[in-house]
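> What follows is a structure written as structure tokens; I'll ask about it next.
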Amino acid sequence: MFPDMSQKSKFDSDDFFQRLFSNGFYLFEGHEPYFQENLLQIVWNEQLFKTPLFTESGDKLEITHKGIWNVETGPDFQHAEISISGIKKRGWIEIHFSPEDWIRHQHQIDPAYNNVILHVVWNNPKELVNFPSNVPLFSIRKHLLIALEDVVKTFNPSLYPYARKISPGKYANWFSSLSNDRIIDLTQSFGMMRVFEKARRYAQQIIKYGIEDTAYKALFDGMGYKINREGFAKLSSKISLNELSQYPEIDALAVLFGTAGLLPDPSQTIIHPEYLVWVKKMWTSWWDKRQDYSPIKWKKNSYRPLNSPERRLLAAYYVLKKTQFKLGSRISEIFKQKNSIKNYHNELKSIFTIDNELNQKKFISFTTAQAKSASLLGANRVNDLLINFAIPFSLGHFMIEENLEYCQIIKQIARNVPKLQSNRIFKEAVHHFFIPPERSKAILKNACSQQGLLKLYKDFHHNLN
């Protein structure tokens, strides 16, 4: 339904057009069309340009590799290769409607954009040469091969397939010549190589820091995911495991959330009613214990609510508490009793399975709760912690002890961890190695195979780029 234009105070034109665009609506009016940036991303991805190409400074531009379409946060295309006046550059490509969008989107204060080698824009009415000052500008409008209307008709941006964003890579034809069983063997082998590489690193850390401190830092690393890994690493370096284990629960949580900068002042912030008493107790405890720590930066705009740093930090504490702050020993003890591979796996999972009060299962942050309850660590996240942390960690420990029997058991467990949830990097890998991508479903049936494909992608494709 179109808004009542007579009530101008209630009409938000930006919101109105954004809702139209999100439903595939594109409006062309004279020479200045309104459209989403993903239309420009499609133009770049399809390389719909008249050659020769020139930057806004007049330098000749050659595109050797357009880059990989980034479907997460950060610059639009990664690992691109271009030449400007014969000088080769490798890095990221960022695309906007106009040069000034760089400032509007605050890229100038985001380190993720430090490696941008070309700023691609639709139009450059102010005839800027570079923007920002160290990044060359390229105007799509001056080089567009076909009309924008025809781009919309040809590619239908709202249905633009993932397979076109990620093209088959150099090894896709080789994969096509292999049988499913051969690829299963290959990905399983590379998956175990990845587990052994992590095990070797854990073994070195256990020797240097001890089994408990290594497990503590590894748990926090796993809780941080890719996006907040640095924040969790800083937090575990600010608070020692020994210190944390000395506190009662409310004090321990106060120190964790307070040091993380994630504990709101209840006198200054509207707290969710479910958590108000809880926060007041923590704030009282934190007021006495607080220290002048340097702030930790958390990225909060690029994850599902269930993956909030507050929720993951709460889960990490309860895993530590459940194991009496001896997580490393608890993981290793599992293998010191005879059991089946299935039961070993279940025992490992039980370490990370947390039963909490209902209001904590709804917890997103101290100001937000979700309507439905959910485990602090769901089944998919637990399996991810197993293949990336618990299994290589225990393998590293028994490598130090030279216990071949336990190493063989852990190897079998690694091969039987269920398939993990897909993410951007995994999707990219699938589209680079499999033609068609759907073939991967019959091959990559467990976490070990997925890990193997990721290692192949990192070792071969990324090295090529």
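> Under 10 Å from the Cβ of ILE227, count the other residues' Cβ atoms, weight Lys and Arg +1, Asp and Glu -1, and hand me the total.
+2
> Taking 1 over the mean of 1/r across every pair of different Cα atoms in the range 33-165, what Kirkwood radius in Å do you get?
Computed over the range 33-165, the radius equals 14.9 Å.
> Got a sec? How would ARG415, ARG104, ARG330 order by Cβ neighbour count within 10 Å, fewest to most?
So the ranking, lowest neighbour count to highest, is ARG104, ARG415, ARG330.
> Still on this structure: Which value in deg cm²/dmol, rounded to the nearest 500, describes the helix-derived mean residue ellipticity at 222 nm for the chain, given -39,500 (n - 2.57) per DSSP H run of n ≥ 4 and division by the residue count? Don't skip to the answer; put the middle values down first.
Details: 21 runs with 210 residues, N = 465.
So the calculated ellipticity at 222 nm is -13500 deg cm²/dmol.
> Turning to a different aspect of this structure: Give the angle, between 0 and 90 degrees and rounded to the nearest 10, that separates the Cα long axis of helix 447-456 from the longest principal axis of the Cα atoms of the chain.
It works out to around 50 degrees.
> Would you please report the Å³ per residue occupied by the convex hull of the alpha carbon atoms in the chain? It would help to have the intermediate numbers written out before the result.
Working: hull volume 92.6 nm³, N = 465.
Enclosed volume per residue, from the Cα hull, is 199 Å³.
> Could you list SER294, SER332, SER245 so that the one with the fewest beta carbons within 10 Å of its beta carbon is first and the one with the most is last?
SER294, SER245, SER332
> So for the chain: antiparallel DSSP bridges make up what percent, rounded to the nearest 5?
The antiparallel proportion sits near 70 percent.
> Another one. Out of all DSSP beta bridges with both ends in the range 33-165, state the antiparallel percent to the nearest 5.
In the range 33-165, approximately 65 percent of DSSP beta bridges are antiparallel ones.
> Check THR368: other-chain or 5+ apart residues with amide H under 5 Å from its amide H, H built from backbone geometry?
Placed amide hydrogens put HIS272 under 5 Å from THR368.
> Quick query: amide H of PHE54 versus all other amide H atoms, modeled in the peptide plane; which residues come in under 5 Å with a sequence gap of 5 or more or a different chain?
LEU61
> List the residues, sorted by chain then number, that are 5 or more residues from PHE49 or on another chain and whose placed amide H is less than 5 Å from its amide H.
Under 5 Å from the amide H of PHE49 lie the amide H atoms of LEU145, each far enough along the sequence or on another chain.
> Same structure, new question: Neighbour counts of other C-beta atoms within 10 Å: give me THR368, THR187, THR323 arranged from fewest to most.
With the fewest neighbours first, THR368, THR187, THR323 line up as THR368, THR323, THR187.
> Rounding to the nearest 10 and keeping the result within 0 to 90°, find how far the Cα-based axis of helix 404-414 lies from the longest principal axis of the chain.
Its long axis makes an angle of about 40 degrees.
> Let me ask something additional. Angle, helix 180-209 long axis vs. longest principal axis of the chain, Cα atoms, 0 to 90°, nearest 10?
For helix 180-209, the angle is close to 60 degrees.
Rule-based calculations on the coordinates, nothing more; no lab input. These numbers were taken from a predicted model, which means no experiment stands behind them. Note that we place each Cβ from the backbone using ideal geometry, even for glycine, and neighbour counts take in every protein chain shown.
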